[in-house]
Amino acid sequence: MDIFLVYLFDRFVYRISHFIRHWYVDSFMSYSRFIIARLEEMDQSIALKVTWRNIFQPLYQEYNIFGYVLGFIFRAIRLVIGSVLYAVVIGVAAVIFLAWAGIPIYVLLKIAGQTPAAHVFNVNI
């Protein structure tokens with residue numbers, strides 16, 4: 001009977017660790033590959049590296065003062081807007097993943113009747 005209980009405990013610990021690894025590590029790897037692929041697709045139109053490399057080049061190869069000034073202004077604006085878009089996408093992706101990562105913790109707290117909202121609003125569930 002002792003071996004049976006040890007086996008059940010071993011299986012319980014294994015399944016919990018397998019779930020945690022699958023939920024957090026594997027989902028993070030999969031989700032990060034997905035987000036990086038979306039950022040690479042965005043880079044096809046935003047092209048921050050190319051814009052940065054050519055920031056001091058004249059616009060449309062117009063080698064006069066207007067080409068240099070307008071080229072710098074338009075490329076600087078493009079760099080700022082592109083950086084903001086990247087930051088927004090990365091920020092939203094991080095919030096979504098953190099919400100995903102918090103689901104098991106929330107479920108366990110909900111099962112235990114100790115949700116953070118219950119503590120804030122003094123609600124007994």
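What's the total number of residues in the stretch 56-79 that are closer than 25 Å to V89 by Cα and surrounded by fewer than 15 Cβ atoms within 10 Å (Cβ to Cβ)? Number of matching residues: 4.
Of all positions in the stretch 83-95, at least one carries a residue that is in contact with a Leu (Cβ under 9 Å, 6 or more places away or on another chain), over 30 Å from F19 (Cα atoms) and touching a residue at least 12 places away in the same chain (Cβ under 8 Å).
Residues that are more than 19 Å from the chain's Cα centre (by Cα), free of Cβ contacts under 8 Å to residues at least 60 places away in the same chain and closer than 28 Å to I81 by Cα are absent from the stretch 20-35. Residue count for the stretch 68-118 under the criterion of being farther than 30 Å from N54 by Cβ and either small (G, A, S) or assigned to a helix (DSSP H, G or I) (or both): the result is 23. Looking across the stretch 1-58, the residues that are within 27 Å of R78 (Cβ to Cβ), part of a helix (DSSP H, G or I) and among the aliphatic types (A, V, I, L, M) come down to I35, I36, A37, L39, M42, I46, L48, V50.
For the stretch 80-93, enumerate the residues that are small (G, A, S) and surrounded by fewer than 12 Cβ atoms within 10 Å (Cβ to Cβ). Residues satisfying the conditions are A87, G91. Looking across the stretch 80-116, not a single residue is on the phi > 0 side of the Ramachandran plot and modelled with pLDDT of 95 or more. Scanning the stretch 1-34 for residues that are farther than 22 Å from P104 by Cα, of a type in the set (V, I, T) and either surrounded by 10 or more Cβ atoms within 10 Å (Cβ to Cβ) or modelled with pLDDT of 90 or more (or both) turns up just one, V6. Going by the structure shown, is S45 farther than 14 Å from F97 by Cβ, of a type in the set (S, T, Y), modelled with pLDDT under 90 and under 31 Å from the mean Cα position of the chain (by Cα)? Judged against the criteria, S45 is a match.
The values are calculated or read from the model by the stated rules, or taken from the named source; none is laboratory data. Predicted model, so just to flag it, every value in this text is computed and none were measured. Neighbour counts are summed over all protein chains in view; Cβ atoms, including those assigned to glycine, are modelled from backbone coordinates with ideal geometry.
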